[in-house]
Amino acid sequence: MEELIDVLDENGYKTGEIFTRKKIHELGLWHKIIVVSIIDKNGNLLMQQRSYSKENNPGEWDTSVAGHVSSGQTSIEAAIREISEELGIQLLETDLQYLFTYKDDITVNKNYLDKQIYDCYIVNLDSIDINSIKIQESEVHSVKLCDVDEFKRIVSSNNIVDRPELFEKLINYINKK
């Protein structure tokens with residue numbers, strides 16, 4: 001069964017409508033996304049390379065985790081679920097620190113319209129054991145740890161999901177660590 005998602009108005013309030021993920025994107029309806037950046041005590045960011053089978057941004061690098069908020073979920077519940085599903089990392093809600101919210105309206109193609117409101121979170125861990133990560137192959141091709149300089153190089157490349165607002169705040173956050 002396809003994931004059901006709450007439709008939002010442009011201010012992020014639920015309209016009461018619920019559609020499948022496919023229908024949300026076909027109709028270009030506002031909906032909630034979570035983005036989580038996992039950072040170790042040395043300021044290294046866990047990045048994921050998206051699966052090559054993804055409909056949008058296949059094979060591109062991204063921050064640690066991103067995903068849709070399912071109908072009835074809070075964004076922090078969705079973040080915990082996505083971290084577990086995509087990376088096999090078990091966290092508590094108290095492990096996540098809210099960073100900020102932003103909106104984006106992108107036309108991927110005529111049948112895929114992204115009107116998304118992003119809730120962005122940071123997770124600070126003492127260390128990240130890349131070898132213990134269990135990636136969800138349908139979502140994630142690979143993962144790696146990047147220091148801030150490598151992250152900046154990746155951000156300036158053409159092989160990264162377009163999240164300039166997030167990446168600017170993330171670089172500032174890491175530089176302050």
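Restricting to segment 24-37, name every residue that is part of a helix (DSSP H, G or I) and either at pLDDT 95 or above or among the hydrophobic types (A, V, I, L, M, F, W, C) (or both). Result: I24, L27.
Scanning segment 59-75 for residues that are in a helix (DSSP H, G or I), crowded, with 19+ Cβ neighbours inside 10 Å and within 16 Å of the chain's Cα centre (by Cα) turns up at least one hit. Residues of segment 138-160 that are touching a residue at least 24 places away in the same chain (Cβ under 8 Å) and closer than 12 Å to G59 by Cα: S138, E139, V140, H141, S142, V143, N159, I160. The condition (being among the β-branched types (V, I, T), over 17 Å from E3 (Cβ atoms) and in contact with a helix residue (DSSP H, G or I) (Cβ under 9 Å, 6 or more places away or on another chain)) is satisfied by just one residue among I80, I89, I106, I130: I89.
Take Y52 and tell me if it is in contact with a Gly (Cβ under 8 Å, 6 or more places away or on another chain) and modelled with pLDDT of 95 or more. Before the answer, list the steps.
Details: in contact with a Gly (Cβ under 8 Å, 6 or more places away or on another chain): yes; modelled with pLDDT of 95 or more: yes.
The answer is yes for Y52.
A Cβ distance below 6 Å, combined with a sequence gap of six or more or placement on separate chains, defines the contacts here; from segment 34-51, residues that are over 14 Å from L166 (Cα atoms) reach residues that are assigned to a strand (DSSP E or B) and among the acidic types (D, E) in the pairs Q48/D62; R50/D62.
Suppose we keep only residues that are in a loop (DSSP other than H, G, I, E, B) and modelled with pLDDT of 90 or more within segment 89-121. Which one would you say is nearest to K134 (Cα to Cα)? I'd like the intermediate steps shown before the answer.
So in segment 89-121, the residues in a loop (DSSP other than H, G, I, E, B) come out as 89-92, 110-111.
From what's left, modelled with pLDDT of 90 or more: 89-92.
Working: I89: 8, Q90: 11, L91: 14, L92: 18 Å.
By that ranking, first place goes to I89.
The values are calculated or read from the model by the stated rules, or taken from the named source; none is laboratory data. As the structure is a computational prediction, the values presented were derived from the model and not from experiment. Using ideal geometry, Cβ is built from the backbone for each residue, glycine included, and neighbour counts are taken over all protein chains shown.
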